[in-house]
Every structure is written in C-alpha cells, then in structure tokens.
1. Could you pull out which residues in the stretch 403-418 have an amide N less than 18 Å from a spot 7 Å beyond the Cα of residue 5, following the Cα-Cβ vector?
2. If I model a spin label as a point 7 Å beyond the Cα along the Cα-Cβ vector, how far apart are those points for residue 265 and residue 355 in nm?
3. Rounded to whole Å and sorted largest first, what semi-axes of the equivalent ellipsoid does the C-alpha gyration tensor of the chain yield via the square root of 5 times each eigenvalue?
4. Grab the beta carbon distance between residue 157 and residue 437, set R0 = 60 Å, and tell me the FRET efficiency rounded to 0.05.
5. Suppose R0 equals 22 Å. What FRET efficiency, 1/(1 + (r/R0)^6) with r the Cβ-Cβ distance, do residue 176 and residue 320 give to the nearest 0.05?
6. Tell me the trypsin sites (Lys or Arg not before Pro) within the stretch 237-335 that lie in a loop according to DSSP and have at most 13 other beta-carbon atoms within 10 Å.
7. Which pairs in the list 13/378; 293/333; 293/416; 253/297 are over 18 Å apart, alpha-carbon to alpha-carbon?
8. Please give the residues of the stretch 345-387, grouped as numeric ranges, whose backbone N is less than 18 Å from a label point set 7 Å along the Cα-to-Cβ vector of residue 401.
Amino acid sequence: MGNAIPIEEPRGKLGVLLPGMGAVATTFIAGVEAVRRGIGRPIGSLTQMGTIRLGKRTEKRVPTIREFVPLASPEELVFGGWDIRPDNCYEIAMNGGVLEPALLGQLRGFLEGIRPMPAVFDRHYVKRLDGTHVKRGANKAELVQMLIEDTERFRAATGVSRLVMVWCGSTEIFLEPQEVHQTLENFECGLQENHPAIAPSMIYAYAALRSGIPYANGAPNLTVDVPALVELARQKSVPIAGKDFKTGQTLMKTIIAPGLKARLLGLAGWFSTNILGNRDGEVLDDPESFKTKEESKLSVLEHILQPDLYPELYRDFHHVVRINYYPPRGDNKEGWDNIDIVGWLGYPMQIKIDFLCRDSILAAPLVLDLVLFLDLAKRAGMRGIQEWLSFYFKSPMCAPTVYPEHDLFIQLMKLKNTLRHLRGEEMITHLGLEYYD
Ligand SMILES: NC(=O)c1ccc[n+]([C@@H]2O[C@H](COP(=O)([O-])OP(=O)(O)OC[C@H]3O[C@@H](n4cnc5c(N)ncnc54)[C@H](O)[C@@H]3O)[C@@H](O)[C@H]2O)c1
C-alpha cells in the first residue's frame, strides 16, 4: 500500500449547475429525485452501483466505490441551471417525453420548483434554436460577470457548500482553436472585444473556473478544451473534463472495436447511421452543429485501431457517421451499424448492430457520476484535465503530448486505478503469476 492522498470530507450540500436544461438535464434531475424517494434505481451509474477490487484476488476485498472514496451522497445534491426558455423542469421533462408522465406526476412539485435562469445565448452558435429567456450584456466579459452573480445568488439561496457545473446545453457550431484560445490573456481580451470564436459554452466555462467551480462538458463543443481555459483551471486549482457524453452508438463502438483489435481482425469499413427525433436531433440537423458532432464521433476508431501500427488491418477503412432527424422517434433513437471485417486469408465478414436506445436514459447516470467524481477530484486537490474521466466521453480531453484513450476497458481501468491511487491502494496489473508459484 502507498500513501493515501488527503481528501476533504464532503460536508454540506453540493450544488449542481447545468447550462442547458433539456432532455438530459431533466432526466438526470428527475432520476436523482426518484432514486432519493426510492421509486427508481440508479442503473448505469458507477458511483452508485459499481464496486472496486483491491489487492489480490485471494483477499476478496471488493468494496463499493461509494464506500471506498468519500463521495457526496445523491441526498445532498441541489439543482439549478440556465436555459433560453423559462419553462420549469416539470414542463421541460413533460415536453421532452423521456420519462413517463406517471413518474413525473409523482415528482411534480419538486420539478416545478427548479426554473432555469436566463441564458447566455447567441443564435450564431446554435442555428436551429431561438429563445427569449436570454441575458443582454455590453460584451462577453459582462456576461461572465452576470453568470458569476447567478452562481453566487444560487449559493446563497440554497446554502450549498460546493458547486459543480456540467454543460448539458445544445451542440454549438464547429470551432477550431484559434489565437484567442491560446493564452488566458488573449482569451480575456477576446471577452472584452466580443471575439466571435468565444462561444456561449466558453463563457459559462470561464465563469465557472473563475469561481473555482469544476466544469464538465457533455457536448462536443470546444469549450474548455483550449489552452487558455486549461491554464485557468490549473491556476485556480479546478478539475475539468470533457468532451461529449459517450452514450449510444459511440459507446458500442468503443466496446466492439477493442475486441476486433484484440483478435487482430481487420476492418474494411464501419457505417453508422441514426434516426433521432428529440431537440438534440433537430439541432444536429444543422450542418454546422453536425460537423462538431461528426468530428467527435469519427476520431474514435482511428485511435483505438492504431492504423499506423497495424497498416495491413486498419489502414484506409471507411468510416461514415450519419444522424438523421426523424421526429416520430423522439428521444428513443435507433442506431444502426454495419461493420465490414476481414478474417484469416482476407475473407470478408459482416457484423450488424441495431441499437434501440434511449439517449437521455443513457446520459443521465453519466451526469451523476461526473458531478460526484469532479467534486471528489476538487476535494482531493486535483486540477486541470481529469483524463481518468475519459470513460464518460466520446472525445476525451488529454495532455497535448499524448493521444486520447478511447478503449472503454482501458478507460475503466484508468478510472479505477486513479481511485486506488487516491486511497494509497496497489494498482491492479492483472499479472497474477503469484497465484501459480
Ligand atoms: N445521449 C445523449 O443524450 C447525449 C450524448 C452525448 C452528448 N449529448 C449532448 O448533450 C447536450 C444535451 O442533450 P439533450 O438531449 O438534453 O438536448 P436538448 O436539446 O433537449 O437540451 C439542450 C438544452 O440546451 C439549451 N441551450 C442551448 N444553448 C444554450 C445556452 N447557450 N445556454 C443555456 N441553455 C442552452 C436548449 O434550449 C435546450 O433546452 C447536447 O449538446 C447533446 O449533443 C447528449
């Protein structure tokens, strides 16, 4: 056993601030409340249902993760956020059509009590949306100030001792890193000068980091994945994580691709298409927002399969991703994958996947885990990019010197080893020769 890292105890309530209170945010909030009332189970959440093996297999030490590290309890969570529409969370969840009206009816009073604050929003960055519940400021620096005041008001009104922010807002148009994102000084000038490459999601992130609030990015937007904001996170000792919740089709990809590679089965092509009818689907119907999502979804296979190391198996495979907005499906997306693989002597084979999933049902437990793990990271003095939370993201943020790790199983091992490291437990290598000596 090594030395455990000192971790502050999670005393008091934990505020969860969500820019973007749509399907994912309300499914998360309603879900946590249902769990607290004992009318639902937190299925899909590692912090609530996961265990962690410690030491040798013969020791049989397998505590739950929440016994092993000092996490805030779901009982302690208090919710707030921003949206471009003033509807309360009950109305949003009813319109979203993810959770059954009967369940929402039981939670009605609680959900009606949560109303979004007016958003920082600009149609330029999300073409398919428009709203009236929006802040007006002389420049982007003033909007930052307004968000900081919102968070302070929320802190005072709820009496929370700590806060975490998770972006659950829409996918913005594709932005590439530019000069204004390279240093904190440039970024702060850009806020004053209303630089067009500073999107609303970055304004929220900057406000959070300035206030010492951990920030996770659930969308593929650039947001905190730029040197200026990574620098600010380090300066303020705040943990950050992103980008883009790994839920449906990409989750499947990062489960299957490592298996194909493990068996050295070649890949000729992977065609993925989706039909989706929720508001996220409508936003992604705009080519500029889709481009941001497409980039996020495409990079996964390259990194897992490593064509540079296995050119015979993985060079030049065709990878196509489509999202089709199809309203009748609502949040119940259908994702098809056709995978053309190659075996012994070059013989072709095919795999077909038809995943009838529920987008927000898959995303909600990820939001819960990210809230609890980021709060843990902050109390453990961890700052900047939290690569161990890659497990939750389609485009994991990582140091500029390394490539992102996409393989779900490596990500899980990284996450659990980080928890072992925090508690001074031995890393698990799976070597196991000692059992046979
Ligand atoms: N499985 C999933 O559901 C999943 C997976 C990966 C990523 N995501 C991403 O998570 C985000 C949320 O997904 P959703 O299904 O809840 O979408 P949604 O459209 O239901 O909710 C997004 C909300 O954000 C609001 N919004 C947009 N810009 C805003 C701004 N600047 N400030 C405040 N609010 C703003 C919108 O009005 C909307 O209510 C999307 O970006 C989506 O791409 C979702």
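The values are calculated or read from the model by the stated rules, or taken from the named source; none is laboratory data. Computed from a predicted structure; not experimentally measured. Quick reminder, even Gly has a Cβ in these numbers, built from the backbone with ideal geometry, and neighbours come from all protein chains shown. The area values use the complete protein model at the heavy-atom level, side chains included, leaving out ligands, DNA and RNA. Shrake-Rupley method; radii C 1.70, N 1.55, O 1.52, S 1.80 Å.
1. Under 18 Å, as judged by backbone N against the label point of residue 5, lie 411-418 of the stretch 403-418.
2. Placing both labels 7 Å along Cα→Cβ, they lie 1.7 nm apart.
3. 33, 27, 23
4. Computed FRET efficiency for residue 157 and residue 437: 0.45.
5. Numbers: r = 22 Å, r/R0 = 1.01.
Computed FRET efficiency for residue 176 and residue 320: 0.50.
6. On the way: sites: 243, 246, 253, 261, 263, 279, 291, 293, 297, 315, 322, 329, 333; in loops: 243, 246, 263, 315, 333.
Sites meeting the loop and neighbour criteria: 263, 315.
7. Values: 13/378 15 Å; 293/333 16 Å; 293/416 28 Å; 253/297 10 Å.
Too far apart for the 18 Å limit: 293/416.
8. Under 18 Å, as judged by backbone N against the label point of residue 401, lie 383-387 of the stretch 345-387.
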